[in-house]
Amino acid sequence: MTKKILSLIAFVALVAACTDDYKDWASPQVVHQPETVSFGDGSITTLGVIDLNSITDDIVKVCSITAPTASKEGFEPSYSLTIGDATYDIAADGTMSAADLQESIVAQYGNCRPVERDLPATVSMWMSDGSTTVKTATSDIFHIWAIPQAPVIEAAYYLTGSINGWDNTDMTYKLTNDGSDPYDNPTYKVRIPASEDGSNIEFKMTPESGIGGDWSGCLAAGSEEGKFNYNNDGGNLVITADPDALFYDLTFNMLDQTWTAKPVGFNEFIYEIGNESSWSENHPLHGNGLGQYSAVIYLNGEFKFKPNKDNWDGDWEKVSGNATSGTLTTDGGPNMDGVEAGFYFVQVDLKEMTYKVTPVTTISIIGSVRGAWDTDIDMTYNEIMKCWEARETLNAGEFKFRLNHDWGINWGGTIDDLTQDGANLQLAADGAYVIRLFLSDEAPAHCTVKEDNGYPDNFYEIGNEGSWNTSHLLLGNGNGQYTGFYYLDGEFKFKPNADNWNDDLEYVSGDATSGSLTDGGGPNCPDPGAGFYQINLDFANMYYSLLKIESISMIGGFNDWSADLEMTYNKDAGCWEVTTDKVSGEYKFRANHDWAINWGGSENDLSQDGANLKIEAGTYKFQLYISYTGNNKVVITKQ
């Protein structure tokens, strides 16, 4: 019989640390009485709980075997142990490989969290004469109780080293995973700055329980490069300085006991903030990894740049220059000169410490899709969706985007990642299209290309709740159905244009929460009662309905996916919000304490039934905007 190949290599590595690194997390422990089950005319008797953290041999006894009577004279018996779908060798005295037992626990439970695990098992007897092997008996199911070998992994560790004066009360640089069970996700990460003097960084990692105490629980250097030990068993960890690094991304695998330090030259984003938003809104500039950032931003007056969305640390001011270009410093200085209100293509080069703003006269499409590369299709700015768009009948062919009818600034490549001087984009077939260009997201410059089926992309609700002055966007699905979530208070109606009343829809018949519509003139839709509603418009069938949203809440692993954390509607801001320190790990948003309406995906693009969101532990203000800003998003501000 072929022995199962050992696959849990981490088991061997984990033995290296002293047993003080481990503890039994089963609480409370159950004393399991021995059980005896049939094994042919023999028997299997179980043992008590096996704690692999206290095993120092390569083998471990898991049961006692009283063998059945041999049924074939001259044949030698052997035994196998089956747990789940896997089969392992077991000796006649009931011992097996400790690594195999560890592997079986991980296979059955998905992790090696050091708690007591129940492994239903059977033993089979095999008889062999060297050329023929037959199974002669299989036992009834019995139970192996075992605690897998694993270090005790804390929720967080903090860098203590040369960059913070070896102060182990300092909690600035926090190493953690996504907030989930560390035995499911043992990958912990933190970004730290490079040394100001360009020297190597020496450090250890202090566990959360050891902050301000002695060094006994620290993560320290292992005997091999790229390895670490628990329990301060070793010297300092060392990052060899990279002359081009501004930061290092540290990654620790808490089970493999490995770590890496990746030099990082520049952040993925920096942010503009200025007078155009009364210094209250951050506008992202996306980086190319080489220290160069760009975005199209509406400016009006003075402004500056900063590396972080939620604070002013390390912000950049003007050294010299004028309203359209200059040099930058982090040493403190004036804002960039004021510019006239309008859109600008904003560029920042952190390697050269320069900035440049170019007024946007036009953003256009050009290419063979219009017959030749000599005619621009000017795009218009969609204030609600924060993008540039064009509706055109086009030919199959190639196209690109460019600024101010000039090739000095142009975008090509792929629709999901547009870059300066990128390759021509392809349009596969003739037809009517809606093309949108996004240059201001927390994402690379990108575009969408969709067939124009004749329905408006969006509709708008307008009504008494906004004194008939504010148009609220309803997002379309491309087939004439539109949805939005808004506060209503009084009568209202629908219209296809944000800035005029042309072709508006009026009420025909129905009740306070649904009815048929006409574009031939008529009364407003009736008052449903003040409150927050899901508004559904079926333009294809000229019908609308409302669903009252009694609550919007957060739910996730932090509350066992069962107890909702309520949010409060801020009518002035148009968002649902809550400030809390309870949310960590995976979470989602949902309406009316029910999964029929829920949002997940990514912070800047939430969608119905989207994937779980993730966040590390901390205190945050969550502001959930549902269709109010042209899409569904959550703005998270660390407190």
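Magnitude of the charge dipole for the stretch 369-483, about its Cα centre and with charges confined to Cβ atoms of Lys, Arg (+1) and Asp, Glu (-1), is about 80 debye. Computed about its Cα centre, the charge dipole of the chain is approximately 400 debye, with only Lys, Arg, Asp and Glu carrying charge at their Cβ.
Over the chain, what percent of the accessible surface lies on carbon and sulfur atoms, probe 1.4 Å? Each step should come with its number before you reach the end.
Numbers: 13550 of 29190 Å².
That fraction is 46 percent.
Given in Å, the Rg to one decimal and the Dmax to the nearest whole number for the Cα atoms of the stretch 208-346 are 21.0, 62. Using every pair of distinct Cα positions in the stretch 538-614, the Kirkwood expression returns a hydrodynamic radius of 13.6 angstrom. Along each principal axis, taking the top coordinate minus the bottom one, the Cα set of the chain gives 96, 69, 50 Å in descending order.
The charge dipole of the stretch 438-577, taken about its Cα centre with unit charges on the Cβ atoms of Lys, Arg (+1), Asp and Glu (-1) only, comes to about 140 debye.
How much accessible area per residue does the chain have, counting only protein heavy atoms and a probe of 1.4 Å, in square angstrom? Intermediate values should be presented prior to the final figure.
On the way: 29190 Å² over 639 residues.
Averaged over the residues of the chain, the accessible area is 46 Å².
Projecting label points 7 angstrom from Cα along Cα→Cβ for Asp416 and Lys356 puts them 3.0 nm apart. Projecting the Cα atoms of Gly212, Tyr158, Ser199 onto the dipole axis of the stretch 126-239, where Lys and Arg carry +1 and Asp and Glu carry -1 at the beta carbon, places Tyr158 farthest toward the positive end. Phi angles across the stretch 155-172 convert, under the Karplus curve 6.51 cos²θ - 1.76 cosθ + 1.60 with θ = phi - 60°, into 3J(HN,Hα) values of 5, 7, 10, 10, 5, 10, x, 5, 7, 9, x, 6, 8, 8, 9, 7, 10, 5 Hz, Gly and Pro given as x. Stokes-Einstein, applied to the Kirkwood radius of the stretch 135-210 over Cα pairs at a viscosity of 1.567 mPa s and 4 °C, places its translational diffusion at 83 µm² s⁻¹.
Suppose R0 equals 60 Å; then what is the FRET efficiency for Asp572 and Val238 from their Cβ-Cβ distance, rounded to the nearest 0.05? Could you put the intermediate results ahead of the total?
Details: r = 53 Å, r/R0 = 0.88.
With a Förster radius of 60 Å, E is 0.70.
Once all protein chains are placed together, Arg370 keeps about 100 Å² accessible to a 1.4 angstrom probe. Pairwise alpha-carbon distances in the stretch 476-570 exceed 24 Å for 32% of all pairs. Compactness of the stretch 196-243, taken as the C-alpha radius of gyration over 2.2 N^0.38 Å, stands at 1.25.
Note on Val31/Thr448: beta-carbon distance plugged into 1/(1 + (r/R0)^6) with R0 of 60 Å gives a FRET efficiency of 0.45.
Over every Cα atom in the stretch 529-576, the radius of gyration and the widest Cα-Cα span, Dmax, amount to 14.8, 43 Å.
Shown here: the stretch 70-174, whose C-alpha atoms stretch 75, 25, 21 Å along the first, second and third principal axes, sorted largest to smallest.
The values are calculated or read from the model by the stated rules, or taken from the named source; none is laboratory data. This one's a predicted model, so the numbers in the text were calculated from it and none came from an experiment. Here Cβ is always computed from backbone atoms with ideal geometry, including for glycine, and neighbour counts include all displayed protein chains. The area values use the complete protein model at the heavy-atom level, side chains included, leaving out ligands, DNA and RNA. Shrake-Rupley method; radii C 1.70, N 1.55, O 1.52, S 1.80 Å.
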